[in-house]
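> Could you have a look at this structure, given as structure tokens, before my questions?
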């Protein structure tokens, strides 16, 4: 599907985004809309299905959603984008050592890279350049303290063993754009390490501005 871009008509709905932040997304997500509300609602809801449900019959919908996201991202870009860009997933709210750690975006980008290799014979650069030092409570579970960019920056660290070669164009990739705090925190950390890199954001969906119910988005990280 073609990507949509955050512009002056939509940016103010995402309070942490600044005028120079460039972000793209596949479609709108309606909070409390349910699976049937839209294709993006269905995709995001299944994509975010908790890993605690692994082994249940319903988990196949998460696995299918991961493949769909990878395929959509592969189809969204011309070949030059895969030659030039580095795709960096936003860490989820749980650290790697946490039993609830969910590597869904890493898997989706891995599927994208496999399709790019098979279809275009291009080796897409997908790197977890930013790691998270510790887990935190997702904002929908702690509405009185939604994570701000300044809260997240100290939790993030550059993954130095894979930091080279320095990327020239970085796409920070997350599932849902809400306030934009995670994107801004990631951009800040990456710009400090790579001051000459262009940095943009890529999302499956963005929360519609009329939706104010954060708690309706299970496992969302970008609050």
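Each value in this text was obtained by applying a stated rule to the coordinates, not by laboratory testing. Small disclaimer: the values here were computed from a predicted structure and weren't measured. Note that we place each Cβ from the backbone using ideal geometry, even for glycine, and neighbour counts take in every protein chain shown.
> Can you show me the helix-derived [θ] at 222 nm for the chain, built from DSSP H runs with n ≥ 4 at -39,500 (n - 2.57) apiece and divided by the number of residues, rounded to the nearest 500.
Mean residue ellipticity, 222 nm, calculated: -9000 deg cm²/dmol.
> Oh, and also: Taking neighbour counts of Cβ atoms within 10 Å as a proxy for exposure, in what order, fewest first, do 147, 105 appear?
147, 105
> So how long is each side of the stretch 1-51 along the principal axes, counting just the alpha-carbon atoms, biggest first, in Å?
The Cα atoms of the stretch 1-51 stretch 34, 23, 20 Å along their principal axes.
> Let me ask something additional. Once a ≥ b ≥ c are taken as the square roots of the eigenvalues of the Cα gyration tensor of the stretch 69-181, is the result rounded (a/c under 1.5), prolate (a/b larger than b/c) or oblate (a/b not larger than b/c)?
Judged from the Cα gyration tensor, the stretch 69-181 comes out prolate (a/c at least 1.5, a/b above b/c).
> Then there's this: What number results when the radius of gyration of the stretch 60-112, computed over Cα atoms, is divided by 2.2 N^0.38 Å?
With N residues counted in the stretch 60-112, Rg over 2.2 N^0.38 Å equals 1.27.
> Can I ask one more? How long are the semi-axes of the equivalent ellipsoid of the chain, defined as square roots of 5 times the Cα gyration tensor eigenvalues? Whole Å, largest first.
23, 21, 19
> Still on this structure, please answer the following. Defining a contact as two alpha carbons under 8 Å apart and six or more residues distant in sequence, what relative contact order in percent does the chain show?
29 percent
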